[in-house]
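Here the structure comes first, spelled out in structure tokens, and everything after it is commentary.
Only the coordinates and a few stated rules stand behind these numbers; no lab work does. Computed from a predicted model, the values in this text were never measured in an experiment. Note that we place each Cβ from the backbone using ideal geometry, even for glycine, and neighbour counts take in every protein chain shown.
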Amino acid sequence: MALALPLNPGVDLNVHPRLPQRRDWRIGVLGAGFIVSECHLVAYRKAGFNPVAIAARTRGRAEEVARRHAIPRVYETPEQLLDDPSIEVLDIAVPPAAQLPLIRAACARRTVKGILAQKPLGVNYAEALEAVQACDAAGIALSVNQNMRYDQSVRAASALLRSGRLGEPVFATIDMRAIPHWMPWQRDLGWVTLRIMSIHHLDCFRFWFGNPDRIFCSVRPDPRTQFPHADGIVTYILEYGGGLRCVGVDDTWTGPAKEGCPGDLRIHWRIEGSDGLAMGDIGWCRDPYTSPSALRWAAKGDRAFHEPRWSESWFPDAFIGTMAQLLVALENRSEPEISGRDNLDTMALVEAAYQSVERRRSVALAEIRGG
């Protein structure tokens with residue numbers, strides 16, 4: 001995957017994922033929606049991965065996606081795909097309420113070696129914990145598709161932090177002003193932004209800085225979203241023991257951008273350190289959604305900002321990374337980078353955000369996980 005322009009000399013920004021030596025792991029896909037058709041399978045073909053079977057809620061949709069992406073087998077039901085003993089890796093991309101039953105069913109069969117589950121890992125922390133425990137008991141490696149970790153600017157920021165070029169992290173923000181496409185199943189679950197969009201940003205803060213001590217969250221409904229919900233527009237503060245503060249603004253209203261007013265849609269992030277500054281602009285929010293993300297960074301002594309560029313984008317190229325890290329873990333018999341167990345802390349952080357809203361106070365992660 002060639003870069004459009006060279007990255008900054010002397011700094012390995014690590015924007016590309018590590019790929020498995022073996023590319024022909026037999027992948028069975030459950031789900032045939034946008035994220036599968038436009039992201040997962042596009043990325044897998046680009047990387048040379050091997051999706052061999054697919055099943056979805058309707059066979060017609062599964063057949064359509066299979067034809068487009070040259071998948072040889074279409075099953076009538078997800079259960080029929082799970083019964084195929086040749087499938088080595090399961091890619092689950094279904095609504096949250098449907099994930100845990102499929103994970104349970106795969107664990108009961110004990111034929112697959114690894115599962116890549118969609119985020120959120122179930123409808124709450126309790127379901128996520130059950131999924132992790134079931135996979136542990138079955139000897140199946142569970143990973144979660146927290147794909148923002150593989151956005152190129154987000155990975156570059158992680159590399160800068162770990163290199164020490166930014167010094168001690170002082171303050172960080174993620175500011176989203178975007179209008180997502182809500183799915184019909186969200187109406188039934190009654191929640192919107194925290195488990196669907198904010199979960200990306202909360203996991204990103206964890207990826208950069210580790211677990212915070214506590215979170216304070218405030219929400220209000222989005223005027224545009226008509227079904228009952230509370231968490232349409234979300235703000236939160238993450239507090240770290242060393243003094244670092246992270247602030248997220250997830251605004252799915254953004255003003256009347258669909259009602260006749262010019263819009264200003266974007267996702268920006270910013271990390272301020274004791275020795276440097278890094279800023280990113282996430283390309284998913286631009287048109288087309290395949291636009292590469294952008295990065296500017298500088299450290300003490302630099303005379304100008306470094307502005308590396310690359311040709312890859314979050315959608316769909318990050319989905320190479322989420323599957324690749326699972327396949328690498330299977331090859332090495334190691335824990336996936338985005339393991340289900342690691343993701344429990346992200347799910348706990350989301351749960352703490354909801355409880356913060358209910359209790360009108362900050363909530364510690366220990367209150368969710370115990371201990």
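Could you work out how far helix 199-209 tilts from the main Cα principal axis of the chain, as a 0 to 90 degree angle to the nearest 10?
Here the helix axis deviates by roughly 60 degrees.
Find the all-direction average of the projected area of the Cα convex hull for region 172-241, expressing the result in square nanometres with one decimal place.
5.0 nm²
On average over all directions, what projected area in square nanometres does region 46-118 have, based on the convex hull of its Cα atoms?
Taking a quarter of the hull surface, the average projection is 4.9 nm².
Report the Cα-based extents of region 261-371 along its three principal axes, largest first, to the nearest Å.
That gives 47, 44, 41 Å along the principal axes, largest extent first.
As a test, work out the antiparallel percent of DSSP beta bridges whose residues both lie in the chain, rounded to the nearest 5.
So the antiparallel bridges amount to about 60 percent of the total.
Between Gly33, Gly243, Gly260, where does the largest GNM mean-square fluctuation fall for the chain, given springs only between Cα atoms within less than 10 Å?
Gly260
At 222 nm, what value in deg cm²/dmol follows for the chain if DSSP H runs of at least 4 each add -39500 (n - 2.57) and the sum is divided by all its residues, to the nearest 500? Working shown, then result.
Values: 11 runs with 124 residues, N = 371.
That comes out to -10000 deg cm²/dmol.
Over the alpha carbons of region 1-135, what is the largest minus smallest coordinate on each principal axis, giving the biggest first in Å?
50, 37, 26
In what sequence do Thr173, Thr77 fall when counting other Cβ within 10 Å, fewest first?
Ranked by crowding around the Cβ, least crowded first: Thr77, Thr173.
Based on the alpha carbon coordinates of region 202-322, what radius of gyration and maximum Cα-Cα distance (Dmax) apply, in Å?
Rg, Dmax (Cα atoms, Å): 17.0, 52.
Ranking Tyr240, Tyr75, Tyr44, Tyr289 by Cβ neighbours within 10 Å, fewest first, what do you get?
Fewest-to-most Cβ neighbours within 10 Å comes out as Tyr289, Tyr240, Tyr75, Tyr44.
Report, to the nearest 10°, how far helix 125-138 tilts away from the longest principal axis of the Cα atoms in the chain, using its own Cα long axis and a range of 0 to 90°.
Value to nearest ten degrees: 50.
Specify the angular offset, from 0 to 90 degrees and rounded to the nearest 10, of the alpha carbon long axis of helix 314-332 from the longest principal axis of the alpha carbons in the chain.
Result, in degrees: 60.
Which percent of Cα pairs goes in each bin when the distances of region 134-252 are cut into 5 angstrom slices starting at zero?
2, 10, 18, 19, 17, 14, 11, 7, 2, 0
Suppose the Debye formula is applied to equal point scatterers at every Cα of the chain; what is log10 I(q)/I(0) at q = 0.07 Å⁻¹?
-0.30
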